[in-house]
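The values are calculated or read from the model by the stated rules, or taken from the named source; none is laboratory data. Everything numeric here is computed off the predicted structure, so don't read it as measured data. Here the Cβ positions follow ideal geometry from the backbone for every residue, glycine too, while neighbour counts run over all protein chains shown.
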Amino acid sequence: MPLLRFIPEATNINFVGARYFAFAIDGLLLLISIASIAWQGFNLGIDFTGGVLMEVKAAHTINISAMRSEVGGLGFGEAQIQYVGGGQCDSPVNSCALIRVQPKANQSGSVILQTIKAKLGAGYNFRNEQEIGPKVSQELFHDGVLATVLTVIMISVYVAFRFEWQYGVGALIATGHDVFVTAGLFSILRMDFTLNTVAALLLLAGYSINDTVVVFDRIRENRRKYKRMKLPDLINLSTNQIATRTTLVSAATALSVVPMLFGGPVLLNFSAAILFGILIGTFSSTYVAAALLLYLPAPAGSVEGSAEAPAV
């Protein structure tokens, strides 16, 4: 037996019996998220509120931390600074940076650009200066939300087509719940909601449905093997069979994301969303998605009767 095997290969957990507890937790998270989004909305970042953007090129390697301190001390709104590469920016390495600043009320974009230029000095070549209006930013926000909603719906349609419609409904509810609750986290904690956040939510939708499909596939496989097993027993058997796999995969994925938490403010929100989403997605795939089948018409081929499967 491998020394690293600290989780049993087979578990015997009554997942179906704990479904009301799981539903209560999910329902509470949903209510909190809905209340927060309705009451205080999102703390939209520069991507969705408008601001000024400029790219700078230096003859030396840029100290991004020092630049953040200089620009952040000018008294403007939120400032995002990151390295950009390619072309002339590869020599010397990290010689180009992208600066995005969110103006405060009554602050002019042109004044912000001139102030940043004066602060950084003549050692930089300023190019690609833009002012992004709030109207364009709001359209970008609406498009991002629409893309996320359509992603969840189309994933569910595929699951319904690939399996049966009952599974599609379960996938829609479970995946939509994971994405919405993770978005609610940004509202509750007042974290910046940016394009990186939308990317994280889309990534989370894909990760969540992957776990859910693994559960559904095992249920379908066992349904063919144990045709007279009652659906609650079938769900318990299938979920226990993949519980160790799901736990290990989720833990490994989370460990690979943890270092990103220390990658600076640009990656912090993205990695926090992924970590929280992994936790919620694993929980909903294990306890919620399959249990929802109990409240839908039985899938084709399901027969009520005595259980014929071996004990798990």
Determine, yes or no, whether residue 173 is part of a helix (DSSP H, G or I) and either surrounded by 20 or more Cβ atoms within 10 Å (Cβ to Cβ) or free of Cβ contacts under 8 Å to residues at least 24 places away in the same chain (or both).
no
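Listed here are the residues, each with its yes/no results for (1) farther than 30 Å from residue 81 by Cβ; (2) at pLDDT below 85; (3) assigned to a loop (DSSP other than H, G, I, E, B).
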| residue | (1), (2), (3) |
| --- | --- |
| 14 | yes, yes, yes |
| 17 | yes, yes, yes |
| 27 | yes, no, no |
| 31 | yes, no, no |
| 36 | no, no, no |
| 48 | no, yes, no |
Scan the range 24-67 for residues that are without any contact (Cβ under 8 Å) to a residue 12 or more places away in the chain, over 19 Å from residue 142 (Cβ atoms) and not polar (S, T, N, Q) and jot them down.
24, 27, 28, 31, 35, 39, 66
Here the residues within the range 8-45 that are among the polar types (S, T, N, Q) and exposed (fewer than 13 other Cβ atoms within 10 Å of the Cβ) are 12, 14, 40
